[in-house]
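Okay, structure first, notes after.
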Amino acid sequence: MFETLLLNFLFMLFPVLIFLIFFENRPHAYNRKILVLLSAITMILCIARPIRLETGFIFDLRYIPFIIAALYGGYRNVFPLYLILNIYRFYIGGEGTVHSFLFSTAVLLAVPLMSRSFIRSRPQNRIIRATAVAVLSMGCYLIVMSMIVKNFDRQFWMLVFYALATHAVMMAVLMILLEQIITNLRNRDRIMQSERLNVVSELAASVSHEMRNPLTVTSGFLQLLNRSKTLTPEEKGYIELSLQELNRAEKIINDYLSFAKPQSENIVYSNLQAECEYTKNVIMPYATIHKVTVEFSFSNSLRTYYDRTQIQQCLINLYKNGIEAMKGLEEGVLSIDISERKQDILITIRDTGIGMTKDEISRLGKPYYSTKEEGTGLGMLMAYSAIDKVKGSIEVSSEKGKGTTFLLTIPAKAG
Ligand code: ADP
Ligand code: MG
């Protein structure tokens, strides 16, 4: 029996290993299908190699991958498993086929209901919950079975004990592994993102610094030249144009690059009120041009240290994106709300614009990712960088065609 247990454990590890080794770096949409497929293989292997007790009873661990898929993936991902399970079970046929069908249907209907709150809860909580679900569903199965068999001898209780214990231990061990893997992947992503921000902002800081002098000198001399009396109107036109373009270059530097390094003279200790109101006023004309209504509310008393220009730039970039997402729509609303929760300052920026798909959200903040014709793809990068510097986080939720919400969480600091 011990050998079959180990074998079953190996079956459980199989999707985890294959996934980690071969598929972990591929894009997300593809990953789900692979995981479902691998879980299906595990399930079939579990059915093919059930655990036999000395008393003659048999049970297997097919519901462990099933429940895991249901909890993490919801109805959409567990349904293929349900189909495969039952097709295979009917193919084998024999006693208990109908019971198995009914029981798997019950699990299919009940367990994914928990999926949403499961995904939102903490890793430790998830481990406990998944184990509880495995034990409970096995318990239900055994209760139903006992009512059919009507046999409560010692052997039956042995089965109950072994089945419940195996499910609990297997599920707990597997969930600990899975959660550790998820944590590791998350950490890696975070490190990569922060590494990217560092590289870009260092580069930006030095480039913008070096660029500014030649720009100022050129524009100064062009202005002098422009005063010359001997210029033809055509030549004057050229100079005007050059000045305009120089201005634009300077603006780009100011907008995106100049604040890459926090400057000590800009650091303030405050509750963000001045910055939020200032940036709202800055963005108002832009909103009006695009027929966007701006709703603003401020209720925050918590304070922290931050670089004033960076936070301003970050907010402006986010407001601008919101407004640009509502470009061309009949009417749009950009709502900005600053509030507090426990020890965090919360800034919510919501638009009713075009929205983004999950894939697009995951690309946000990568350098030069832009879907706009004149976009630079630096706005979000700078927003992430500024929030990163105050140890905050940005959460994005979006629905295509409905709108997008950015939630910035900035921890408050005692003065
Ligand atoms: P840019 O605005 O120059 O394109 P950003 O870094 O500011 O660069 O934004 C990157 C991309 O993210 C945008 O091109 C857009 O596709 C997407 N995006 C950002 N904010 C929003 C939003 N509020 N709604 C929809 N898409 C957005
Ligand atoms: Mg932008």
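Every number here is computed from the coordinates shown, using simple stated rules; none is lab data. Note that the structure is a prediction, hence the values are computed from the model and not measured. Positions of Cβ are backbone-derived with ideal geometry, glycine not excepted, and every protein chain shown enters the neighbour counts.
Using the Cα centre of the chain as the reference point, and only Cβ charges (+1 on K/R, -1 on D/E), how large is the resulting charge dipole? Debye, rounded to the nearest 20. Don't jump to the answer; show the numbers that get you there.
On the way: 44 positive and 36 negative charges, 173 e Å.
That gives a dipole near 840 debye.
Size of region 2-192: Rg and Dmax of its alpha carbons, in Å, are 16.8, 59.
Only counting other Cβ atoms within 10 Å, I'd like Met171, Met1 sorted with the fewest neighbours first. In increasing order of surrounding Cβ atoms, one gets Met1, Met171.
In terms of surrounding Cβ atoms within a 10 Å radius of their Cβ, Tyr30, Tyr162 rank from fewest to most as Tyr30, Tyr162.
Give me Glu3, Glu275, Glu374 ranked fewest to most by other Cβ atoms within 10 Å of their Cβ, as a rough exposure proxy. Walk me through the intermediate numbers first.
Working: Glu3 9, Glu275 22, Glu374 5.
Ascending Cβ contact count within 10 Å gives the list Glu374, Glu3, Glu275.
With respect to the chain, whose longest principal axis is taken over its alpha-carbon atoms, helix 123-149 is tilted by about 30°. Rounded to the nearest 10 degrees, the inclination of helix 2-18 to the longest alpha-carbon principal axis of the chain is 20 degrees. Helix 379-389 and the longest principal axis of the Cα set of the chain meet at an angle near 70°. Measuring how big the chain is from its alpha-carbon positions, Rg and Dmax come out at 29.9, 113 Å.
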